[in-house]
1. If P146 satisfies all but one of (1) surrounded by 14 or more Cβ atoms within 10 Å (Cβ to Cβ); (2) at pLDDT below 90; (3) not in a helix (DSSP H, G or I); (4) not aromatic (F, W, Y), what's the number of the condition it fails?
2. Scanning the range 338-363 for residues that are at pLDDT 90 or above and either more than 47 Å from the chain's Cα centre (by Cα) or outside the structural domain of I411 (by TED's automatic domain parsing) (or both), which turns out surrounded by the most Cβ atoms within 10 Å (Cβ to Cβ)?
3. Could you please let me know if L382 is touching a Leu at 6+ places or on another chain (Cβ under 9 Å), crowded, with 18+ Cβ neighbours inside 10 Å and farther than 19 Å from K456 by Cα?
4. Looking at the range 382-400 only, could you name the residues that are under 15 Å from V430 (Cβ atoms) and touching a helix residue (DSSP H, G or I) at 6+ places or on another chain (Cβ under 7 Å)?
5. Of everything in the range 127-170, what is of a type in the set (A, V, I, L, M) and under 58 Å from the mean Cα position of the chain (by Cα)? Give them in sequence order.
6. Could you grab the pairs with beta carbons closer than 9 Å, sequence gap of 6+ or different chains, first residue in the range 100-117 and in the same structural domain as I73 (by TED's automatic domain parsing), second one among the hydroxyl-bearing types (S, T, Y) and assigned to a loop (DSSP other than H, G, I, E, B)?
Amino acid sequence: MRLSLQQKFILVAFLSLLFLTGTISFIVATNTRNALYQATERQGRMLAQTVSALIINELIYEKLGIVEEGGLIDNYVRELHARQELDLNFVAVLDTGQRVVSHSEFREFGKRYDDEILQQALATNTVQMRKIDDPQTKQSLEFAAPLAIESKQWGLLHFSVNLASVEEEIRALLMRIVSFFFLVMTVLFLFIYLLSWRFIKPITNLSHAMEEVEVEMGEKIIPVSGSDELSRLTKSFNDMVIRIRQANEDMKTAAETLRQSEKMATLGVLSSSIAHRINNPLGGLFNCAQMLRRHGADQAFRDKYLDLIEEGLQSIKQTTGQLLATASRRTGKGQRLEVAEVLASVLKFLDHRIKRQGIVFSSEVEPGLFPVVAAYDLEELLLNTLLNAVQAMETGGQLKVKAGKTGEGTIVIRIEDTGVGIAPHDLDRVFDLFFSTKTDGEGTGLGLWMCYELVKKYQGDISLISQKGKGTSVILTIAEES
């Protein structure tokens with residue numbers, strides 16, 4: 001699926017902000033989690049140092065016989081383990097041989113612990129800590145603090161801090177961060193959408209408007225609001241569309257003028273055929289007039305020659321009517337006629353010249369061919385292409401017209417001649433305006449150009465195949481009327 005500029009802007013901006021906000025949220029969550037662990041560690045170390053000092057004092061008092069041995073230490077251990085705010089898993093006091101002398105769990109009394117953390121605390125005479133990540137138990141921090149004053153050692157304080165409350169606080173914090181993240185992304189998405197609507201939508205409107213501006217469409221004007229750069233760009237586009245539309249109208253007017261010029265030039269070239277079609281009945285009319293002067297009194301004779309006069313005048317009327325229809329400017333949808341019928345009409349203009357030049361004409365036109373082209377436009381197409389063929393065979397030749405369906409809803413009309421042909425270097429230019437290979441008296445350079453424009457008007461196709469000295473074939477492909 002192809003994305004529009006506005007959709008691309010929203011997607012890129014949203015993904016960029018999603019990545020940025022997600023990264024910031026991850027960093028904040030990680031730093032907060034580390035801070036909570038560090039706070040718990042500091043609290044544990046402080047607790048170890050404080051309780052160690054109290055136990056050392058108790059041990060000194062016991063050595064001096066001031067207090068009963070073991071009683072006060074057991075009380076410290078039980079009270080410390082019972083404090084809920086500390087959330088301790090266990091508290092133990094060990095002698096220098098790492099044997100339990102006091103424990104929050106009575107059954108642990110007398111056991112010897114051989115943990116590495118205890119050995120390190122005794123060896124370094126500092127508080128040691130390690131994190132326990134046992135899936136069978138809760139996460140915790142274990143502390144081992146030496147019970148010593150300078151070089152004198154009495155044993156170790158060993159306890160474990162439960163991290164369940166810390167983890168719960170971290171999870172609650174993560175939920176708040178995730179909730180805040182989705183809230184922020186929703187607000188940012190709406191903000192990005194509004195920005196795209198304000199700054200990208202006018203550009204996409206311009207793009208769509210430019211795609212819709214076609215030769216046969218009405219003007220596509222975009223509403224202008226505001227006075228910023230985009231508004232000025234939209235106004236300039238509207239002005240450009242109006243200018244293009246006016247230029248297009250001027251071009252259409254000029255093209256129509258050229259078409260009319262080509263029609264008149266074609267009629268000029270066919271003047272001998274036209275004169276022949278008019279002179280023949282005129283000669284008969286003069287003969288009829290002379291015969292009526294001599295034998296006009298006879299009613300039967302008069303009726304016979306009046307019929308001949310009427311027939312001659314009808315022939316002249318038909319010729320002049322066809323001339324006027326060909327030379328006039330015609331608009332509107334136009335009537336659709338069969339290709340064979342239009343071809344027969346066109347041949348009436350060319351028959352005299354075809355015979356005079358010794359051209360052998362033949363046609364293979366299927367019946368029932370109704371192209372979408374209006375009859376007068378089809379007449380112009382056939383007249384120009386056939387006239388070009390006749391002009392290319394001044395010393396005679398063969399002229400053939402073929403027409404049939406292709407089975408794809410189109411009609412192909414092929415005009416073939418055995419005339420002088422066209423040089424290869426001129427084939428790419430034959431449809432150019434004012435290009436002609438004929439002499440000054442014969443060619444205007446408008447005929448094939450006009451044929452090209454007419455075919456394209458009906459979404460058809462025109463092509464030309466030619467060999468110098470062997471002849472030319474013009475192929476017209478036009479949609480069939482449904």
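The values are calculated or read from the model by the stated rules, or taken from the named source; none is laboratory data. What you see is a predicted model; the values in this text were computed from it and never measured. Virtual Cβ from ideal backbone geometry, glycine too; neighbours counted across all protein chains shown.
1. Among (1) surrounded by 14 or more Cβ atoms within 10 Å (Cβ to Cβ); (2) at pLDDT below 90; (3) not in a helix (DSSP H, G or I); (4) not aromatic (F, W, Y), P146 violates only (2).
2. Across the range 338-363, the extreme among qualifying residues is I359.
3. no
4. If we filter the range 382-400 for residues that are under 15 Å from V430 (Cβ atoms), which is where we start, we get 384-385, 387-389, 391-392.
If the condition is that a residue be under 15 Å from V430 (Cβ atoms) and touching a helix residue (DSSP H, G or I) at 6+ places or on another chain (Cβ under 7 Å), then N384, T385, L387, N388 are the ones that fit.
5. I132, L163, A164, V166, I170
6. What qualifies is V100/Y113.
To keep it simple, each residue is scored yes or no on (1) surrounded by fewer than 16 Cβ atoms within 10 Å (Cβ to Cβ); (2) among the hydrophobic types (A, V, I, L, M, F, W, C); (3) in contact (Cβ under 8 Å) with a residue 12 or more places away in the chain.
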| residue | (1), (2), (3) |
| --- | --- |
| K8 | yes, no, no |
| L17 | no, yes, yes |
| V28 | yes, yes, yes |
| N31 | yes, no, no |
| G44 | no, no, yes |
| L47 | no, yes, yes |
